[in-house]
Every structure is written in structure tokens, then in C-alpha cells.
1. Computed on alpha carbon atoms, what radius of gyration and Dmax characterise region 1-97, expressed in Å?
2. Which chymotrypsin sites (Phe, Trp or Tyr not before Pro) from region 1-109 combine a DSSP loop assignment with at most 12 other Cβ atoms within 10 Å?
3. Expressed as a whole number of Å, what is the distance separating the alpha-carbon centroids of region 66-105 and region 1-64?
Amino acid sequence: MTTNIPLISIVDDDDTVRAATESLVRSLGFETRTFASAELFLQSSSLQATRCLILDVQMPNMSGIELQERLSDLGFEIPIIFITAYPDEAVRQRAMEAGADAFLLKPFEIHGQRFVDCLFEALKQDKRSAP
């Protein structure tokens, strides 16, 4: 059964942030899947269906930036909203130059109107054709 409700995947190693972000995204009417690591997302069946990726920058093993690069290497053009508790201008610039749709600070910017606006804008920018 296919649905027209976009799937938003959330990748963050912090359980609390992941759960709160999932709750917010679901409250907006979207389907969600959550992952505690970049590796788990890459191995999931959600990879193909994800219409927007909310992605933590700093995670063990594979960082969000490394996942962004891996997705690009694999040919995936998923809109990405980066979230981080450790703002670094060089990392922000690298993410944005590689095609990220937004780079937000947690916890403040990911639970307000700016986050919602970025999510809807990223979905408009989805480069894939509709199924």
C-alpha cells in the first residue's frame, strides 16, 4: 500500500532529541522513521522512501557530514536538514555547499517555526520525481 504522506527520517544518536523531533514531525502530519546512527539508516528499507532527512552533525562512527557524502556518492538526492548542538562555521559551510537545505542549532531552532519552515521548504526542493 503506497501513501502520499512524505516519509521523514530522523538520524540522531541522542534518544531524547530523536524522540522529541519525531513527535514534532508527526504532529505536522508526516510519517517518520528514526535511527540512532548513520549506519542504521543506510541499512534500512527507509532509505529509498525518505523524502527529507533530519540529520545530526556529530555522531559516533559516521558523522552526519560523512553520511551526506555517502548518500551523494550512492546517487541519493535526499533533502537534508542538519541539526547540531556544536555549531562550527566550517562544518556548516561544508554541509551547505554539499547541498544541505538547512543547518539548525539544537535544541532551540529545531522545535520552533524556523524548523517547520525549513522542513516544508526542503520538501518542496525534493529533487526526486514523485513515485
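Rule-based calculations on the coordinates, nothing more; no lab input. Computed from a predicted model, the values in this text were never measured in an experiment. Cβ: placed from backbone, ideal geometry, glycine included. Neighbour counts: every protein chain shown.
1. 12.9, 43
2. Numbers: sites: Phe30, Phe35, Phe41, Phe76, Phe82, Phe103, Phe108; in loops: Phe30, Phe76, Phe108.
When the chymotrypsin sites (Phe, Trp or Tyr not before Pro) of region 1-109 are filtered for loop state and at most 12 Cβ neighbours within 10 Å, Phe108 remain.
3. 14 Å
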